[in-house]
Amino acid sequence: MYKAIQVNQDTWWVGVNDRETDMFESLWCLPQGVAYNAYLVNGTKATAAIDTVKGPWFDEYINKLEDALNGRALNYLVINHMEPDHAGLISQLKRKYADLKFIGNAKTVPLLKGYHGIESDVLVVKDGDVLDLGGHVLKFATVPMLHWPESMVTFDDSTGVLFSNDSFGGFGAHEGGLFDDEKVDARWQDEMLRYYAAIVAKYSNIVQVALKKLGGLEIKNIFPSHGTLFRSDVQKVMKLYDKWSKHEGEVGAVVAYGSMYGNTRRMAEAVCAGLSAAKIQDVRLYDVSRTDLSYVLRDIWRFKGFALLSCTYNTQLFPNMESLCSKLLNRMPKNKFVGVAGSYSWSKGALTALQDYAEKSKLTRVTPEPEIYTSPTHEDLEKCFELGKNLGEAIR
Ligand code: FEO
């Protein structure tokens, strides 16, 4: 038997902690798991589930949902987002509750048909439309491309709860309490920023639009569909989203390298020493072969500067560095300083490719951009140190 957890008046958490999936979207590692937060609002006239969970977790979800329903039928499912980690159980819910009505917007309709073959019993809402459950009036706001076209959020006027779906979400399954005041900040903030960098960052300009749109609501709680639930200080978390979506970096730097035999690693270490000489205390050195790139992206988003160093592999960039550059170009962090350096043995290639990335990134480049043959000499390492020092001075 599973129990639902009451999280506000007539409002229940019926989500699932997934500690078994290794990779979110088959791309991002999950050492602390991930939570699919789903909710039920029990009005006096009607009941509404807010999102579901990922497909394999039907039994646990339905047990919690039934516990929260306490013998009542489920009348509505609000579909804030059609991605299968939240919409995975829509077909099963319809089979269980034949009279169930779905709430979505115009962009939800084709996805609902495509994923679940459902075309009927869909109530299409637009910005500002409401659903009165009795004692709880749900208000809908679309947030297109945050991060899918049909994405929307749902606000409960009576409790002040914003069901924000992926927005304000974070990696990490719940360990004990669900709420922000039951955890230390660093525990949820790091995983929230990693989620932001991996999933949301590309749409940072849309986050800004959404924050303004939500500004008129009296939000008392933010209940996202992943990670921590916020009730103690929603302004704090909104300020974080504002900062990240405005590309405001902290003083600190990432040095990421791809190295086969340690020569490029030694160059990267010299860049770190230069950063340290420029009094940058928060320096994070990442081997792109041994670090999930979500951590590298997270800290690039966090700080004001980064350096990329790569050996040449088959005349081109080292593959994992190529992957990092591709992910950065997809997300386009702004207001940062970037330094690059490359190495080669029998064919050049890495530095030119990194310079090409730096050009396309539109970030401010820091020199020198060392290119080193085989194993770095003392003079070569001096150049890398100089790159780090200049990067550090630019950041400060
Ligand atoms: Fe958590 Fe975009 O799904």
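Values in this text are rule-based calculations from the coordinates and carry no lab data. Computed from a predicted structure; not experimentally measured. Reconstructed Cβ throughout: ideal geometry from the backbone, glycine too, with neighbour counts over all protein chains shown.
Annotation: amide H-H contacts under 5 Å for ASN221 (H modelled 1.01 Å from N, sequence separation of 5 or more, or interchain): VAL161, LEU162.
Over the chain, calculate the relative contact order: mean separation of alpha carbon pairs under 8 Å at least 6 apart, over the residue count, as a percent. Don't jump to the answer; show the numbers that get you there.
Numbers: 867 pairs, mean separation 47.1, N = 396.
This gives 12 percent for the chain.
Residues considered: ASP156, ASP121, ASP242. Largest GNM mean-square fluctuation over the chain, using C-alpha springs under 10 Å, is found at ASP121. For the chain, the mean residue ellipticity at 222 nm estimated from helices alone is -10500 deg cm²/dmol, where every DSSP H run of n ≥ 4 contributes -39500 (n - 2.57) and the total is divided by all residues, rounded to the nearest 500. What the Kirkwood sum gives for the chain is a hydrodynamic radius of 22.5 Å, with every pair of different alpha carbons counted. Across region 90-103, computed HN-Hα scalar couplings (Karplus, 6.51 cos²θ - 1.76 cosθ + 1.60, θ = phi - 60°) run 4, 4, 5, 5, 5, 5, 7, 10, 4, 8, 4, 10, 9, 10 Hz from first to last residue, x flagging Gly and Pro. For region 204-276, the set of trypsin sites (Lys or Arg not before Pro) satisfying both a DSSP loop assignment and a count of at most 16 other C-beta atoms within 10 Å is given as LYS220, LYS246.
Enumerate by residue number the trypsin sites (Lys or Arg not before Pro) in region 35-88 meeting two conditions: DSSP loop (anything except H, G, I, E, B), and at most 16 other Cβ atoms within 10 Å of the site's Cβ. Please list the in-between numbers first.
Details: sites: LYS45, LYS54, LYS64, ARG72; in loops: LYS45, LYS54, ARG72.
Sparse-neighbourhood loop trypsin sites (Lys or Arg not before Pro): LYS45, ARG72.
Put simply, the amide H of ASP18, placed in the peptide plane, has neighbours under 5 Å in VAL34, ALA35, TYR36, leaving out anything fewer than 5 places away on its chain. For region 130-236, the set of GluC sites (Glu not before Pro) satisfying both a DSSP loop assignment and a count of at most 14 other C-beta atoms within 10 Å is given as GLU175, GLU218.
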